[in-house]
Amino acid sequence: MDDDVKKMLAGPRGRRLALEHAMAIADATRRDRSPGADLRSAVFAAAYRDDSNPWALVVPTVDAAEPTSATPRTSSPDDVAACLRDLPLTPLDARTELEVLDRVLCSAMSWQPPDGEDVLAASPVVRAALARVTAHVLATPAASWWSEGIAREQHVLRWADVPASPVPVAADTELDRWRARTLAGEERALRNRQDAPELAWSGEWWSTPPRTLTTSTRGLGELGPVGLWLMEDNPGWDHATSRAASVPDGARVYEVDGAAAWAQLCRDHPMDVTGEKRHDWLLTTGRDGTWVIPDWPAVARDYDAVHLTLAGYLQAAGTAIPVEDETASVIAGWAPDETFWLTDAVGHCLVDAGRGARSWTRGDAGWFLSEGEPTWPLRGHAVGGTLDD
């Protein structure tokens, strides 16, 4: 098995990508009744059996012309693997691939146990059958940039659904506030939560820097910025404005291209968050122990930004990543290809004020450019200034 395929199948999001990709191909061949066309119904039936969520949906999504019973048919991982082996692998266009990735991110819930599809994809027989699908996905043109570091050309998004802050706040101030809030939350969790890890305590399950910092992603031409399409715990926003950005020369960017890079970042700048994260991350990874995340104000002393590659996300997000002998961490709440800007050192160079904002609207087939000029202002902190300076 190719090393890149092995890495992808090591992570729950990578396995889910292969499964969702295969089901998208099967959906396209459903009316032809070609081999593998029954994959989605087989996946649903097998996954429902192993789903730990008592509120799991009991009716699969199928073509309206093919109604099904609310009672799933009998299916096993062996049945799913057989469908995967028989499935003719045809390419998906770039827009459909982004829709598949969006479904993968929507299934990432780092505060609860893996759902039935994730359990199914992790079973040895299905995981083995997903290897050829994974190799197919990685060979497609749509995946050509997934392992790349930060793109020189970036895009900063402003969501119409989120009120803009009228006064930009310096990055170091935001990071200091984050540290104070995180340490206070950790102290409160250690004081108030019972030690029993199996109890249903929950809190801040993510491991990102503060969301009040500027973030950016690359653009994909007419498809728009990656950040439009890919977001964990997606709130379902439908309108956004983007502005082109250029990464300045000399910017110090830490690349998270997999588990090892994340572990090193945590090793160099650890912050113990066991009290806050223990219960959520035990549920999602099965590991109980000491948990750490990067101390982002400390990271900002060494780097201007941290970028997570899409391949790194698929390989490592949602896993218990060993840091030291007794500690581990989780990449949770991040979006693929997302860059967090931690300092104001790069000033106004990030956002190119010479290029205008563009409006985007989400429809039934994903994101499209809106007609006319942007209808809401692009404001907010943008590494040294407001985005509409």
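Taken over region 313-346, the residue count meeting the criterion of being in a strand (DSSP E or B) and either closer than 18 Å to residue 214 by Cβ or out of contact with any Cys (no Cβ under 9 Å at 6 or more places or on another chain) (or both) is 4. Evaluate region 212-222: report whether one residue or more is assigned by TED's automatic domain parsing to the domain that holds residue 361 and in contact with a Cys (Cβ under 8 Å, 6 or more places away or on another chain). The answer is no, given that none of the residues of region 212-222 is assigned by TED's automatic domain parsing to the domain that holds residue 361 and in contact with a Cys (Cβ under 8 Å, 6 or more places away or on another chain). Of all the criteria given as (1) modelled with pLDDT under 90; (2) not assigned by TED's automatic domain parsing to the domain that holds residue 303, the one not satisfied by residue 169 is (2). On the stretch given as region 93-124, residues that are of a type outside the set (D, E, K, R) and assigned to a helix (DSSP H, G or I) total 14.
Residue-level analysis places residue 318 outside the set of residues that are among the small types (Gly, Ala, Ser) and surrounded by fewer than 23 Cβ atoms within 10 Å (Cβ to Cβ). Residues in region 125-159 that are hydrophobic (A, V, I, L, M, F, W, C) and not in a helix (DSSP H, G or I): how many? Residues that pass the stated criteria total 8.
Table: residues versus (1) in the same structural domain as residue 138 (by TED's automatic domain parsing); (2) more than 25 Å from the chain's Cα centre (by Cα); (3) at pLDDT 90 or above.
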site	(1), (2), (3)
7	yes, no, yes
16	yes, no, yes
22	yes, no, yes
29	yes, yes, no
38	yes, yes, no
47	yes, no, yes
54	yes, no, no
58	yes, yes, no
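The values are calculated or read from the model by the stated rules, or taken from the named source; none is laboratory data. Note that this is a predicted model, so its numbers are computed, not measured. Note that we place each Cβ from the backbone using ideal geometry, even for glycine, and neighbour counts take in every protein chain shown.
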